[in-house]
Amino acid sequence: AAQPGGGGAPPAAPPAGLRVVVTGAAEVSAGGRGDTHMVYSLEVEGQRRPARTCTRRFSAFVELLNRLGREAPGERVSREARGCVDGWKTRLLVEKRHAGRGAKAPAIVSARVALLQRMLDELLAFPEICSSAPLAAFLA
């Protein structure tokens with residue numbers, strides 16, 4: 001099996017036509033104190049719904065992985081899917097620590113867009129993840 005973000009064979013097409021594309025990022029205001037943070041734009045198609053766009057912070061991707069990792073034990077999640085989720089949790093933690101305060105630099109943002117796209121592509125290759133409550137909430 002390919003390591004997260006390590007290349008290898010391209011992921012299989014997501015089931016039920018679900019497609020999520022990270023289309024870019026933007027710096028937005030956080031509260032009224034002059035603080036800003038980055039949000040990543042997602043274009044979501046499929047799941048028998050019209051195409052839509054949503055934005056998520058980097059931390060929301062980390063939380064998605066945490067929620068997927070906490071799926072109820074009764075849920076049918078393959079060992080491969082769990083391994084993928086665990087690998088990406090580690091990768092995003094390393095990325096967050098590495099970027100630190102430089103997370104708004106154009107080169108970091110561009111690299112993160114590509115990284116998040118790879119992560120979503122790999123996760124969406126698993127039908128059990130595509131139909132999970134954590135992913136549905138993330139894409140809502």
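The values are calculated or read from the model by the stated rules, or taken from the named source; none is laboratory data. The structure displayed is predicted, hence computed values, not measured ones. Cβ coordinates were reconstructed from backbone atoms using ideal geometry, including for glycine residues, and neighbour counts include every protein chain displayed. Each accessible area value is taken on the protein alone, full model and side chains, heavy atoms only, with ligands, DNA and RNA left out. Shrake-Rupley method; radii C 1.70, N 1.55, O 1.52, S 1.80 Å.
Structure summary
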| item | result |
| --- | --- |
| Residue count, the range 61-81 (criterion: modelled with pLDDT of 90 or more and surrounded by 14 or more Cβ atoms within 10 Å (Cβ to Cβ)) | 8 |
| Residue within the range 30-44 that is open to solvent by 70 Å² or more (accessible area, probe 1.4 Å), assigned to a helix (DSSP H, G or I) and not aromatic (Phe, Trp, Tyr) present | no |
| Inter-residue pairs, beta-carbon under 7 Å, first within 15 Å of Leu65 (Cβ to Cβ) and open to solvent by 30 Å² or more (accessible area, probe 1.4 Å) and in the range 109-131, second part of a loop (DSSP other than H, G, I, E, B) and charged (D, E, K, R), 6+ apart | Glu128/Arg76 |
| Flag for Val22 being modelled with pLDDT of 90 or more, β-branched (Val, Ile, Thr) and over 22 Å from Leu65 (Cα atoms) | no |
| Test: residue in the range 52-59 that is more than 18 Å from Ala133 (Cβ to Cβ), at pLDDT below 95 and touching a helix residue (DSSP H, G or I) at 6+ places or on another chain (Cβ under 7 Å) | yes |
